[in-house]
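One structure below.
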Amino acid sequence: MSGLELVLEGQDQEPEKADGSDTGRRAIVNGVLEFAPDVDPLSSRDLLPAAVYVRVSTDDQAKEGFSLDAQRARIRAYCVAKGYRLLREFADDGFSGRSTNRPGFQSLISAIRDGIPVADRRVRIAAVVVARFDRLNRNLFDFLATQREMQRHNVYFASVDETIDTNGPFGRFFVQIIGAFAELESGLIGERVRHGMRQKALQGGFNGMSAPFGYDVRDGGLVVNDREAAVVRRIWRWRRRGKSLAWIANRLERERVPTKRGGHWSTKQVFRIVHSPILRGDLRWSDVVIKGSHQAILKDGRRRDG
């Protein structure tokens, strides 16, 4: 689930005693390292109360080792080895790391600032643990802003795969270096995608878009919407007779002709229809305008018959 918060507290099980001593007792519950109820999570430097963050985008879901469960497994093994107490998990399923507009991420930031409610009090987390640093942010500006927020609240950052710990100046410096490489990788991927889409456009391929007025998107291409196409032809006839964009918009409003999304007509919408190369059978992507494979509604400034 998007923005899922899984409370990883114990199930009121009786913790095992080690060497007859209650001090530092710990119990393993469902594979998660837990404090015994009578141990203060902030009393030992070696037992840091931590929050877990996992994320997978739609592109990552097909990659081996990127699933939420795979990330959880690596994080839990790491935390057991390091002696971290996992207070809560924050997850974003199907969200890109290039934006901070993620429900799980926003809940994590709130926990960093305000702590996590445990029983009758709020516990300040001391660390945030991720499987890989780019699970937190892919944008360098956002990544460093998140790190600064953690530093303001004395929260460490730990990444399992890169063995990073910001509990020290070298770790903080290393985080910035790796963050720069993450942004470089993301930029290179985006550049390759744009190049591929441009090449497809040059060959007359359809790169996808929301359906423009006059067409529906079907089976990966544009198909004429007959009702809307009739409106397009009326708009073009009015324009050829010298009618202004405002006059056309007002006329369509008076006749209660629906827009693509059922809203009101504006001069901007009419302008886009009048000047759209798509209606003449062309496709535009960035700086490329080329003949498309879809049926034109207008041809050479006139309506297309048939």
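The values are calculated or read from the model by the stated rules, or taken from the named source; none is laboratory data. Note that the structure is predicted; figures quoted are calculated from it, not measured. Cβ sites come from the backbone with ideal geometry, for glycine too, and all protein chains shown count toward neighbours.
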query: Quick one: is Val128 modelled with pLDDT of 90 or more and either in contact with a Phe, Trp or Tyr (Cβ under 7 Å, 6 or more places away or on another chain) or within 27 Å of Leu188 (Cβ to Cβ) (or both)?
result: yes
- request: Kindly provide the set of residues from the stretch 79-96 that are under 13 Å from Val130 (Cα atoms) and modelled with pLDDT under 90, ordered by number.
  value: Cys79, Tyr84, Leu86
task: Residue by residue through the stretch 168-184, note down the ones that are without any contact (Cβ under 8 Å) to a residue 24 or more places away in the chain and either more than 20 Å from the chain's Cα centre (by Cα) or surrounded by 12 or more Cβ atoms within 10 Å (Cβ to Cβ) (or both).
output: Gly168, Pro169, Phe170, Gly171, Phe173, Phe174, Ile177, Phe181
message: Just checking, does the stretch 86-105 include any residue being in the same structural domain as Phe157 (by TED's automatic domain parsing), at positive phi and free of Cβ contacts under 8 Å to residues at least 40 places away in the same chain?
response: no
statement: How many residues of the stretch 98-147 are over 17 Å from Ala158 (Cα atoms), in contact with a helix residue (DSSP H, G or I) (Cβ under 8 Å, 6 or more places away or on another chain) and among the β-branched types (Val, Ile, Thr)? The answer is 1
message: Under 7 Å between Cβ atoms, which residue pairs at least 6 apart in sequence (or on different chains) link something in the stretch 112-125 that is at pLDDT 85 or above with a partner that is β-branched (Val, Ile, Thr) and part of a loop (DSSP other than H, G, I, E, B)?
response: Ile112/Ile125; Ile112/Val155; Gly115/Ile125; Ile116/Ile125; Ile125/Val155
query: All but one of (1) out of contact with any His (no Cβ under 6 Å at 6 or more places or on another chain); (2) assigned to a strand (DSSP E or B) hold for Leu222; which doesn't?
result: (1)
task: Working carefully through the options Arg194, Arg148, find the one that is at pLDDT 80 or above and charged (D, E, K, R).
output: Arg148
